[in-house]
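Structure first, then comments.
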Amino acid sequence: MPGDGDEAFCAKAGDVLAGLPGVQAVSLGGSRAAGTAGPGSDWDFAVYYRGAGFDPASLRSLGWPGEIFPIGGWGGGVFNGGAWLTAGIRRVDVHYRDLDDVEHHLAEARAGRFGIERLLFHLAGIPTYIVAAELALHQVLHGDLPRPAYPPALRRAAAARWQADAEATLGYARAAHAARGQLAGTAGAIAVAACQGAHAVLASRGQWVINEKTLLDRAGLRSIDEILTGLTAEPAHLLSAIEGAAELLRSPD
């Protein structure tokens, strides 16, 4: 398998993952599913199971070296665990997806309800409807999975909440950091608020988000970089940056 071409590798990887005990479906995500992968891009697979029917230790049978986390090993929540593996020269990430949990969050999203969870490498955190976004955007390799449209109730609720969060983040930073000349706190808050604002923009458009890698570009907020460039620890400069960010989030490109 490591010596196969990409299409053959994907097909065989899907087969072996689908053959693990308890796995009911397998999907391909990330840049490989979106068709934007480069030669060195990793391979993101999700294995869907129900309840206690899947044991991550079974991944060892694939013969791919790497780190395998238990279910719940990534702190719980919607990202409830996964594995970082290597198949020859290919880097492979496997995410665990409990169908009971996925179906719950999909139903909540359709009703316009969601939570926001902290996750490493995500400035604004992740919305629990990310599991619905994966269903909508991933390529199903094995099994039957729903492909949901963006729920109208979620468009309204998510846009409003993310926008309110962005405004609150900047409001707090204005007094707690910028007015005191705290450069790091101000810059960090602007970056977080920009990601929150980008979530709001894309939710209002009914566009799914599965990570922050292209979030600002997709929302037309990349010019936030200009606001952060050359910041100094002068309160007046930091307050001006806060106002510039607030204006950008009110009127994205």
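The values are calculated or read from the model by the stated rules, or taken from the named source; none is laboratory data. Model, not experiment: these values are computed from the prediction. Positions of Cβ are generated from backbone atoms using ideal geometry, with glycine treated the same way; all protein chains shown enter the neighbour counts.
A few remarks follow.
- Top-ranked residue in region 40-73 [being assigned to a strand (DSSP E or B) and in contact (Cβ under 8 Å) with a residue 40 or more places away in the chain; ranked as farthest from R91 (Cα to Cα)]: Y49
Rundown of residues vs (1) more than 19 Å from the chain's Cα centre (by Cα); (2) under 22 Å from G75 (Cβ atoms); (3) surrounded by 15 or more Cβ atoms within 10 Å (Cβ to Cβ), yes/no style:
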{"position": "F114", "(1), (2), (3)": "no, yes, yes"}
{"position": "L154", "(1), (2), (3)": "no, no, yes"}
{"position": "A157", "(1), (2), (3)": "no, no, yes"}
{"position": "D165", "(1), (2), (3)": "no, yes, yes"}
{"position": "A168", "(1), (2), (3)": "yes, no, no"}
{"position": "H177", "(1), (2), (3)": "yes, no, yes"}
{"position": "A194", "(1), (2), (3)": "no, no, yes"}
{"position": "A200", "(1), (2), (3)": "no, no, yes"}
{"position": "R205", "(1), (2), (3)": "no, no, no"}
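- Boolean, S27 is of a type in the set (S, T, N, Q) and at pLDDT below 95: no
- Candidates R147, R156, R97, R113, filtered to the one that is assigned to a helix (DSSP H, G or I) and either at positive phi or of a type in the set (K, R) (or both): R156
- Close contacts from region 85-99, counting a first residue that is closer than 18 Å to L145 by Cβ and a second that is buried (at least 21 other Cβ atoms within 10 Å of the Cβ) and hydroxyl-bearing (S, T, Y), with Cβ to Cβ under 6 Å and a gap of 6+ residues or different chains, come to R97/Y48; L99/Y48.
- Residue in region 9-29 that is among the β-branched types (V, I, T), surrounded by 13 or more Cβ atoms within 10 Å (Cβ to Cβ), within 21 Å of L137 (Cα to Cα) and under 20 Å from the mean Cα position of the chain (by Cα) present: yes
- Count of residues meeting criterion [closer than 12 Å to I242 by Cβ and free of Cβ contacts under 8 Å to residues at least 60 places away in the same chain] in region 159-176: 5
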